[in-house]
Amino acid sequence: MNLDFTQVIPSLPFILQGIGVTLSIVAVALLFGFVLGVFLSLLKIGKYKTLRFLADAYTSIFRGTPLVLQLMIFYYGLPQLIEMDVPAYLAAVLTFGLNSAAYVSEIIRAGIEAVDEGQKEAAMALGIPYSEMMKDVILPQAMKNILPALMNEFITLTKESAIVTVIGVMDIMRRAYIVGGDLYLYLEPLIVAGMIYYALVMGLTLLGKRLERRLRHSD
């Protein structure tokens, strides 16, 4: 193989600046997606059929269509409806947040339904209101069970965030592509970008395992 990383090393700080952009998009989108996902999960297990149908339809649409298509719609299609440009960063956050909410809602729904039915019956017998029961009894127990799945969603979102390069967001991938264009040398910058993503994913994986151990010890 004819690889020459010496030409890429001077541009490494430029590529590394994309880490902040990538993590910013992922963090904001995950927070937004988590809050919306909790809301959707509660609708899915609620007693109102119409709301259950709408929540399931939302999940079906966002899980059943490509993420890159959703990103294109928000960035290129939405301005056609609102007659106003949508910043690339905002389009990325909205797309990833709404998409992540669909997956998170299913994770949380499964976690809630996995909680022992006796916990719910005991709370109801004590006269605890439904909202307080969910907040103080059911959700805390469900969170312990679904933490690995949530961390996996966080990791997946981090990797998938690379597609924001198609709308010009200056993330890790976009910066590596720019360096490749400047040097007429694409493989080496892309390998560097891959190593950065791998390091981020491994860091998140270790963080997830540490949180899991802490939760197990707190039982």
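Values computed for the structure shown
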item	result
Yes/no for THR6 being closer than 28 Å to LEU185 by Cα, surrounded by fewer than 12 Cβ atoms within 10 Å (Cβ to Cβ) and among the hydroxyl-bearing types (Ser, Thr, Tyr)	yes
Residue identified as of a type in the set (A, V, I, L, M), buried (at least 16 other Cβ atoms within 10 Å of the Cβ) and within 23 Å of LEU206 (Cα to Cα) among ILE178, ILE167, ILE163, ILE146	ILE146
Exclusive hit being within 26 Å of the chain's Cα centre (by Cα), touching a residue at least 40 places away in the same chain (Cβ under 8 Å) and assigned to a helix (DSSP H, G or I), set LEU206, LEU150	LEU150
Tabulated pairs, the range 66-87, first of a type in the set (S, T, N, Q), second part of a helix (DSSP H, G or I) and at pLDDT 95 or above, C-beta under 8 angstrom, 6+ apart or interchain	GLN70/PHE62; GLN70/THR95; GLN70/LEU98; GLN70/ASN99
Counted residues, the range 157-191 - those being touching a residue at least 24 places away in the same chain (Cβ under 8 Å) and either under 30 Å from SER41 (Cα atoms) or hydroxyl-bearing (Ser, Thr, Tyr) (or both)	8
Helices (runs of 4 or more DSSP H) contained in the range 1-118 and holding at least 3 residues within 18 Å of the chain's Cα centre (by Cα)	18-44, 49-64, 67-72, 88-114
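The values are calculated or read from the model by the stated rules, or taken from the named source; none is laboratory data. Since we're looking at a predicted model, the values are computed, not measured. Methodologically, a virtual Cβ is constructed for each residue, glycine included, from the backbone with ideal geometry; neighbour enumeration extends over all protein chains shown.
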